[in-house]
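What follows is calculated from the coordinates using simple rules that are stated; it is not laboratory data. Quick caveat, the model's predicted, so the values are computed rather than measured. Please note: Cβ atoms are built from the backbone with ideal geometry, for glycine as well, and neighbour counts cover all protein chains shown.
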There are 2 protein chains.
Amino acid sequence: MQFFLNGFFGRDPKLREIAPRLKDKPVSGDLPAQADVLIVGCGPAGLTLAAQLSAFPDIHTVIVDVKEGPLELGQADGIACRTMEMFQAFDFADQVLLESCWINEVTFWKPDPNQPQNIMRHGRVQDTEDGLSEFPHVVLNQARVHDFYLEFMRNSPNRLAPHYGRKLLDLQVDASATDHPVTARLERVDTHHDGQVEMIRARYVVGCDGARSAVRKSMGLELVGDAANQAWGVMDILAVTDFPDIRYKVAIQSNNGGNLLIIPREGGYLVRLYVEMDKLGEDERVAQRQITVDRLIAAAQSIFHPYTLEVKEVVWWSVYEIGHRICDKYDDVPAEKVHSRQPRVFIAGDACHTHSPKAGQGMNFSMQDSFNLGWKLAAVLRRQCLPDLLHSYSAERQSVGNDLITFDREWAKMISDKPAQNQQGSGGVDPKEFQKYFEKHLRFTAGMGTQYQPSSLTGPSTHQHLASGLLVGMRFHSAPVIRITDAKRVQLGHAAKADGRWRLYAFAGADDHRNDSKGVGALCKFLEQSADSPLRLYTPPGQDIDSVFDLRAIFQQAHHELAIESMPALLLPRKGRYGLRDYEKVFCADPKSEPDIFDLRGIDRTQGCLVLVRPDQYIAHVLPLNAHRELAGFFAGFMLSNQ
Amino acid sequence: MQFFLNGFFGRDPKLREIAPRLKDKPVSGDLPAQADVLIVGCGPAGLTLAAQLSAFPDIHTVIVDVKEGPLELGQADGIACRTMEMFQAFDFADQVLLESCWINEVTFWKPDPNQPQNIMRHGRVQDTEDGLSEFPHVVLNQARVHDFYLEFMRNSPNRLAPHYGRKLLDLQVDASATDHPVTARLERVDTHHDGQVEMIRARYVVGCDGARSAVRKSMGLELVGDAANQAWGVMDILAVTDFPDIRYKVAIQSNNGGNLLIIPREGGYLVRLYVEMDKLGEDERVAQRQITVDRLIAAAQSIFHPYTLEVKEVVWWSVYEIGHRICDKYDDVPAEKVHSRQPRVFIAGDACHTHSPKAGQGMNFSMQDSFNLGWKLAAVLRRQCLPDLLHSYSAERQSVGNDLITFDREWAKMISDKPAQNQQGSGGVDPKEFQKYFEKHLRFTAGMGTQYQPSSLTGPSTHQHLASGLLVGMRFHSAPVIRITDAKRVQLGHAAKADGRWRLYAFAGADDHRNDSKGVGALCKFLEQSADSPLRLYTPPGQDIDSVFDLRAIFQQAHHELAIESMPALLLPRKGRYGLRDYEKVFCADPKSEPDIFDLRGIDRTQGCLVLVRPDQYIAHVLPLNAHRELAGFFAGFMLSNQ
């Protein structure tokens, strides 16, 4: 965490300096007449986007929600490793680690062949393979995730807080308007203001308003897909049981009425059960069955046999039917008009895709949707990038959303199927196959299945061999390094903050450790001096040299062998109003970590390489250190010169 | 973190359930007429004590400070590993880790023999040896440490907040009073109330009111010691320098006016410099020299030669003379009356000892003082222990305070001495010896030098060979283990919360993994069933079975080989209003940690052992698992039966 660059202060460093436009401005509960971005919906997608945009003092964001206040009891609870990496960029991963339940191992239960009315454990799987991420897979009430985002927003330069009790009536986009082309009409539904209608004009509107999204409807789009005609119940309970694995994630296939999933929850006592209930008829809705919580409990007790389950408190419960639906476009530009129109309205999260909750993907995919969109909106609004960039949101996220629906359809089918009664597995799913399918998809459910396809934002794999473990299009996989200026062991990936900046990681070749004419030294010289340098072309005048591109170097020598006196000046940049040196740009491999970052990520130790990482932590390109022209060309494809 | 035991709630789990006596009670800024404990002073010692006591719903604590509000700019900044371990018990170590500057390595500089006006690096030392603690040595503004304690107090069942703007006038102890024998008179010094005098009667008063302690004076005690007649300056600055080690802790011995210490600070830019200034005459006070900050800066610049130092902002600065003084008793009972009187008034922190700040010990020793006192006051107030226990505070802390003064006197002398000009080191201190002395005392400065002597609270070392790495009288040294109920890797020592409970760690012998007649099983049986069992004798009726003694077991088998179904019931206790099972009591060695906890802490793998740990994390005793009678006898020495 870096702070005090522009002078000391006594407050919590997470409370950022207030944006100049807000100084001495009275706080008002009214909706402003216009904004840069209007976000509809305070769920995980909406709050991730709002938090991301709140970090930019010059962007005016408004976020509304139909509810009268913050969520107190969430439905979603699974937080994938990938999501934890994103939380790290918002500086609250540590709080989540402390408060959440960690999923370390999954156990599998099936009918005991000798006593088929009993269940028995038949397998165990480590939930997250060693080294997949520096973070574990955890479980925490969605409402607490909201709390952390809301705190980040309150502390941001924009001191952003939601406007609650607003229901979107409709949206209109005026294609001829030169500015703020989207007009939204909202109705107040909060006490004392009920029925009042407000208007707001925005440059962009993002619908994070759930499966029944009013924003999506206003765009004339819909979710398309199918239903599995299977009812499930879910309940969060405090209970006493002699089932030994109650604090593990567990998948039970039983002969006593169906299948069951256990998700242990934060605090050490709470547990969530997903319980298979009735098969539904074609087009039948689960509500028609009038399933009660007592039936859920009875079904769970039956499945648990011979173990007992005594429910002491039902914190929350629900029934649902499994469906898999997705929208074919995440913005308001039809496919055939992509080359002639810029998007103005977007949807994210459940507004784009709905599926079964049991793989724990809903909240995670939703947040990754809007984390993908956030930096792009900021870059366009701040005139760093061409508006064309915004097309990439739907292109990238709709494609990975499709993968999710495909996975979920198969997983939901398996999980609602009977255990096979014999070795051939006829008439059901073989418990071994069930476990295998789960294991096979663990990287996907950890959030590591996302790989963006080549585009103006994602380079070709031409130089992938220089960093075989840092795949272009996938998220930057962190590893430990030593910071040479103070010998601190840090995670290199944690340099990435949710601040809209690009990270340029220059991995030095074996002989490369001085400010000289090749490798890292030559790259720094190019970036500092060349007329083609992206740093010179795209960094706004008057801003810190690393305000758009945050260059960091990683050497192979031990920190004792690296003299900071001989480092290129660009790696010890002077910043802020005092011109203080930033000492957190230069690293070396950790001699106590075996294998080190070069080996862990398959980096060519002779040549080194340059890895370009987007503001949302995805790898945009891998290049040789001396490919200065390719580097310049890549950014020229979508960035706007400051000239 | 465990929560929801008595039902779900939607709030931050750090916000505890409010104490029954505070429900529906209006909040008042007035001082109450009486309290269990009155703490004078909101420094590190006072706040540690207040935070500790605030955790008990049945203890009424009042804390006052002469200042009008919380500290914004602190003087102390060093946080030793041992202190971080204590912070972990208050659940804010993670926040400190995130925000603080980590001290990883110390470098040593001396005059360049070839150019004695220049300084050159001659050594490097890793600051904290591998494995000394699971926490690093860090640096953070004292005011932020205060903030974390104040937040803990606000969140506590007592919702405790300081009464600011109160100056202690005097104290009177009425030896004949049966209750609340101490009367304090306080004068309000805050705006609008200036001059008002308030009275409060307390059972105990603790003076955490600094070197000029009014509480100490009211007891007729004083600090005794000597001064080194050496003036030093200290300043926190934002500066630009080409000195390469500015982000390391550095000790410079120079020929240009004296010595200098660098302490890098949180945020990546701020740095603290300790600068040697004038030699003082006998009995001369530093204030007489009228040293200015410009003189400090000039002295630092001279010492840094040939490197430059350009100061951009001075955040705080001060000059001081080195003194080493200690009070010979930390409570109001003279040595000769220890057997006939109980203490009612205590002092802690700078009120007991003052010394030079450069070893970073002041804040740390102060907090350890009152962490030692806090649980004892709570245990006596809650009638768990005999009031005699309170004598152990002065006995234990005054003794380690003396060690500190001895260390500091020698260190301060060295650090104010000239570098030796020749190999023989005549006329000054040899830089190599200087570095050696520093290295030798690293464990001490990390806070690991404290070992309490045998007493009713600290058992003899009879069975020390059963756990050669867990020394009786020293702090419990944590190590990683696997929790068998959910396969989570945790630090065993983090079971210790600042909740006044004893931890009983039962390390099982190699064959011991079932609920049977020996080892851990037999111990559980004794604790559950015997009339001599401390659990039965000292746990108040109606409270959870682990409310006084928190028993945890550590086995040698892998978690897959340990069936929780066959564990003694005491290791899966049912608690709270629902009788929910606590699943966080049973652990095993971590197969991925080589060596494992048994080897790391020298635990006898054949016999196992029982380690008793006090509420302040110090080891009270090591016993064989079957030494049931010794176990009962130990607690009978100072605890009060609930009968």
DSSP beta bridge pairing in the range B:204-353, given as percent antiparallel to the nearest 5: 90
Sequence-distant lysines (8 or more away, or on other chains) whose Cα lies within less than 23 Å of B:K432: B:K110, B:K249, B:K358, B:K413, B:K418, B:K440
Amide H contacts under 5 Å for A:D590, placed H, 5+ residues apart: A:I482, A:I597
Hydrodynamic radius by Kirkwood, which averages 1/r over all alpha carbon pairs of the range B:526-643, in angstrom: 15.9
Loop GluC sites (Glu not before Pro), the range B:205-309, which have at most 10 other Cβ atoms in a 10 Å radius of their Cβ (DSSP): B:E282
A from B by rotation - nearest chain B beta carbon to the axis, in Å: B:D94, 2
The range B:547-607 - Rg (one decimal) and Dmax (whole number), Cα, Å: 13.7, 41
Loop trypsin sites (Lys or Arg not before Pro), the range A:371-465 (other Cβ atoms within 10 Å of the site Cβ: 14 or fewer; DSSP): A:R383
Antiparallel bridge percentage (DSSP; both residues within chain B; nearest 5): 75
Cα-based Rg of the range B:482-588 normalised by 2.2 N^0.38 Å, two decimals: 1.03
Descending principal axes extents, the protein assembly as shown, alpha-carbon based, whole Å: 91, 79, 63
Where only alpha carbons of the range A:90-208 are counted, the Rg and the Dmax (Å): 24.0, 74
For A:T48, B:T450, B:T445, order by how many other beta-carbon atoms lie within 10 Å, fewest first: B:T450, B:T445, A:T48
Long-range amide H partners of A:V206 with built H, under 5 Å: A:L38, A:I39, A:V40, A:F346
Reference-scaled alpha-carbon Rg (2.2 N^0.38 Å with N residues) for chain A: 1.01
Among beta bridges that DSSP assigns inside the protein assembly as shown, antiparallel share in %, nearest 5: 75
For B:R289, inter-copy label distances in nm, listed shortest first [label point 7 Å out on the Cα-Cβ vector]: 8.3
Residue order, fewest to most surrounding Cβ atoms within 10 angstrom, among B:M448, B:M219, B:M474: B:M474, B:M448, B:M219
Karplus-derived HN-Hα couplings along the range B:171-176 (A = 6.51, B = -1.76, C = 1.60, θ = phi - 60°), whole Hz, x at Gly and Pro: 10, 9, 10, 9, 4, 8
HN-Hα J in Hz across the range A:99-107 - Karplus 6.51, -1.76, 1.60, θ = phi - 60°, x for Gly and Pro: 9, 8, 8, 8, 9, 9, 8, 10, 10
Using θ = phi - 60° and Karplus 6.51 cos²θ - 1.76 cosθ + 1.60, couplings along the range B:569-575 (whole Hz; Gly, Pro as x): 4, 5, 8, 10, x, 9, 9
Across the identical copies, how the B:P595 labels are spaced - nm, sorted shortest first, 7 Å along Cα→Cβ: 3.0
Distant-in-sequence amide H partners of A:Y618 (H built 1.01 Å from N, under 5 Å): A:F476
Restricting the range B:1-82 to GluC sites (Glu not before Pro) in coil, as DSSP defines it, with at most 11 other Cβ within 10 Å: B:E68
Estimated FRET transfer efficiency when R0 is 35 angstrom, pair B:D94-A:N402 (beta carbons, to 0.05): 0.35
Neighbour-count order for A:S100, B:S302, fewest beta carbons within 10 angstrom listed first: B:S302, A:S100
Nm distances between copies for A:Q172, ranked from closest, using label points 7 Å along Cα→Cβ: 8.2
